1. Order these peptides, 176-182, 159-165, 147-153, 4-10, by their mean beta-carbon neighbour count within 10 angstrom, highest first.
2. Packing-wise, with mean Cβ within 10 Å as the measure, how do 111-121, 132-142 rank, highest first?
3. So if each residue of separation counts as 0.36 nm, and I subtract the Cα-Cα distance between residue 67 and residue 109, what length gain in nm does that give?
4. With an 8 Å Cα cut-off and a minimum separation of 6 or more residues, compute the relative contact order for the range 3-174 in percent.
5. Given the Cα-Cα distance of residue 26 and residue 59 and 0.36 nm per residue of separation, how much length would full extension add, in nm?
6. Could you check the spin-label model distance between residue 175 and residue 150? Points 7 Å from the Cα along Cα→Cβ, value in nm.
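Coordinate-derived values only; no laboratory data. Here the structure is a predicted model, which means the values were calculated and not measured. Cβ coordinates were reconstructed from backbone atoms using ideal geometry, including for glycine residues, and neighbour counts include every protein chain displayed.
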């Protein structure tokens, strides 16, 4: 059986990808890789990593962890290209380039990413970044459109499920038009007897 390295950015998308892989005509043995310098703030990064570790334990999968919180690396990579789609293109290239490197070091000839399961990501850019990383490292990038695959509920039961892509810019995009955590404005004082 061949081995595929899975770049994972969250537990729920990892479970979707595992379900997609299991349905392939020739299933591969997965190795999970965590490497996400784009995820901020630090506590969000830790929550997602913890959930991925818990899922890997449940599924009895090997897990390779890049445990360096990458705030500075990410900011340097996207500096001057903070708007979508340029920001996302650079982010995908950063993460998939690292995943391809780890795949090669681990003896995997094929790699993929949980990004391909997301309904919120740009699949054209993901595929382009994955293919470029594959060529650079002499590998194959496995692209499948697994947006509609359902995860095994036993694998994701009670695991943290994030509310935005990961970077501070996507958090801003997600919450800027909401009232989440806003303290209500005080009501103006009632007019006094003198009509003021």
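1. Packing proxy ranking, top to bottom: 4-10, 159-165, 147-153, 176-182.
2. In descending order of packing, they fall as 111-121, 132-142.
3. Roughly 12.8 nm would be gained on extension.
4. RCO, the range 3-174: 34 percent.
5. Extra length available between residue 26 and residue 59 comes to 10.0 nm.
6. Label-label distance for residue 175 and residue 150, simple model: 3.2 nm.
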